[in-house]
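Q: Would you mind keeping the following structure in view while I ask a few things?
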Amino acid sequence: MQPPEPQPTGQPTAPELTDRLAWTREGAYLVAPGVYRIPLPLPFDGLKAVNVYAIEASDGLVMIDSGWVLDVTKEQLERSLARIGAALGDIRRFLITHIHRDHYTQAIALRKTFGTKIALGADEKHSLDALLGQDVRAMAAQAQRLIAAGAQPLISQMTEAGFQHPPADNGYAEPDEWIANGQSFDLGTRTLEAIATPGHTRGHVVFADRAAGVLFAGDHILPQITPSIGFEAAPPPLPLHDFLESLLLVRQMPDLTLLPAHGPVAPSVHARIDELLDHHDDRLRAIAAVLTDGQRTAYEVALAIPWTSQGRKLGELDLINQILAVGETGYHLDLLVARGIASAQLADEIRLYQLAGPTSGEQARTEPTNAGPVSTGPVSLPR
Ligand SMILES: [Zn+2]
């Protein structure tokens, strides 16, 4: 239904890698009538780019997400907009999927020059308040989680890398508008519906254009990687539970074309959600299996299970990905506890997990759990 994306030209040197990263190439790619995908660079080795989307509105452009506030991203956005005959000053409004730096901060900077309006999901206020506190609270919640995970080696590395001392001007500011769940945005040319999808962050929203058959999915549904969970200044108690619920919520909508914030456009939101549900099902099983050997911290579990599609060991990941991995393992363990499969106890600030049953947790499998409608089985999810 949508026009295919232009294929990159030139002779690829490493075909597989090039194909996987083809989506990061600079440009403005038509992905639906009046909708352009614009990749912008990121200062990471792993995650190379973020997609922002320019949508033709009756009075200019509306952008989904904005990129990281860096000179190179601003210049690339400028060049990419020029390809479609537009300029930064034509952007009327930024609709931001979530608070992470690569999505939100460039909008803040551009607002200073152009007065562009910015809207952000209402439940991001928790983390924004912490980030605007101008002290160490921004990373304190994540540091506390690492302590509870028993990940002292990572905390030492974080301190050395200056993670706990963010600059006072960290690029964050209040949006002009907080987006409510179900809110619709009339662009003159089309209507976008905001749907709250907590999990990746607490106030994450996706934007559906049902008439055009597309979903601006932010980081909620990514085609090539699984989104990190609850990596934010003020995480909720069970972000993985929230994330799985949000996947099921979008799975119940009509299937749409996936317009992700990282990765290429994909034909089916539903197909990718099914894969993500399977992935977390597998992870919960693998993590529960580690506990059959006895009491473990989240860090110990993270050291015991494979990471990435290449099956890497935790120590082979870079620091930020180790932190994300340990955090996510903790959230998986907390979900197992909420489902009655595991239990946890605190010892010297460290959370120790074990299976809830005498040996195998069999007994717990028949007990009701308090984690809501996702918990229809031990570690399996509705397909
Ligand atoms: Zn992102």
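Q: What are the residues in the stretch 70-116 that are within 16 Å of the ligand (Cβ to nearest atom) and of a type in the set (G, A, S), if any?
A: Residue satisfying the conditions is A107 alone.
Q: Hey, another quick one. Does any residue in the stretch 173-188 that is at negative phi come within less than 6 Å, Cβ to Cβ, of a residue that is among the polar types (S, T, N, Q) six or more places away or on a different chain, and which pairs are these?
A: Final answer for the pair search is S184/T191.
Q: For the stretch 253-279, how many residues meet the condition of being closer than 24 Å to Y331 by Cα and not in a helix (DSSP H, G or I)?
A: Residues meeting the conditions: 3.
Q: Here is a further query. Can you list residue pairs whose Cβ atoms sit under 6 Å apart, with the first residue in the stretch 259-278 being under 17 Å from G213 (Cα atoms) and touching a residue at least 12 places away in the same chain (Cβ under 8 Å) and the second being within 15 Å of the ligand (Cβ to nearest atom) and among the aromatic types (F, W, Y)? Count only pairs 6 or more apart in sequence or on different chains.
A: L259/F216; P264/W23
Q: Output the number of the condition that L276 fails; it satisfies all remaining conditions of (1) within 16 Å of the ligand (Cβ to nearest atom); (2) farther than 17 Å from T197 by Cα.
A: (2)
Q: Would you pick out the residues in the stretch 226-252 that are closer than 23 Å to N51 by Cα, without any contact (Cβ under 8 Å) to a residue 60 or more places away in the chain and either out of contact with any Gly (no Cβ under 8 Å at 6 or more places or on another chain) or part of a loop (DSSP other than H, G, I, E, B) (or both)?
A: Correct list: T226, P227, V250, R251.
Q: So which residues in the stretch 32-58 are surrounded by fewer than 15 Cβ atoms within 10 Å (Cβ to Cβ) and within 22 Å of G213 (Cα to Cα)?
A: P33, S58
Q: Search the stretch 196-245 for residues being at pLDDT 95 or above and at positive phi, and hand back the single one that is surrounded by the most Cβ atoms within 10 Å (Cβ to Cβ).
A: Restricting to residues being at pLDDT 95 or above and at positive phi, the top hit is G218.
Q: Output yes when any residue across the stretch 153-176 is under 24 Å from P267 (Cα atoms), of a type outside the set (S, T, N, Q) and either in contact with a Phe, Trp or Tyr (Cβ under 7 Å, 6 or more places away or on another chain) or within 16 Å of the ligand (Cβ to nearest atom) (or both), and no when none is.
A: Here is the first cut: in the stretch 153-176, the residues under 24 Å from P267 (Cα atoms) are none.
Within the stretch 153-176, not a single residue is under 24 Å from P267 (Cα atoms), of a type outside the set (S, T, N, Q) and either in contact with a Phe, Trp or Tyr (Cβ under 7 Å, 6 or more places away or on another chain) or within 16 Å of the ligand (Cβ to nearest atom) (or both).
Q: Turning to a different aspect of this structure: Can you tell me which condition A87 does not meet? The list is (1) under 25 Å from T191 (Cα atoms); (2) in contact (Cβ under 8 Å) with a residue 24 or more places away in the chain, and all the others hold.
A: That leaves (2) as the condition not met.
Q: A further question follows. Here are some conditions: (1) within 16 Å of the ligand (Cβ to nearest atom); (2) more than 13 Å from E26 (Cβ to Cβ). G60 meets all but one. Which one does it not meet?
A: (1)
Q: Please go through the stretch 59-86 and pick out each residue that is surrounded by fewer than 16 Cβ atoms within 10 Å (Cβ to Cβ) and out of contact with any strand residue (DSSP E or B) (no Cβ under 9 Å at 6 or more places or on another chain).
A: Listed by number, the residues that qualify are D71, E75, E78, R79, A82, G85.
The values are calculated or read from the model by the stated rules, or taken from the named source; none is laboratory data. Not measured: the values here are computed from a predicted model. Virtual Cβ from ideal backbone geometry, glycine too; neighbours counted across all protein chains shown.
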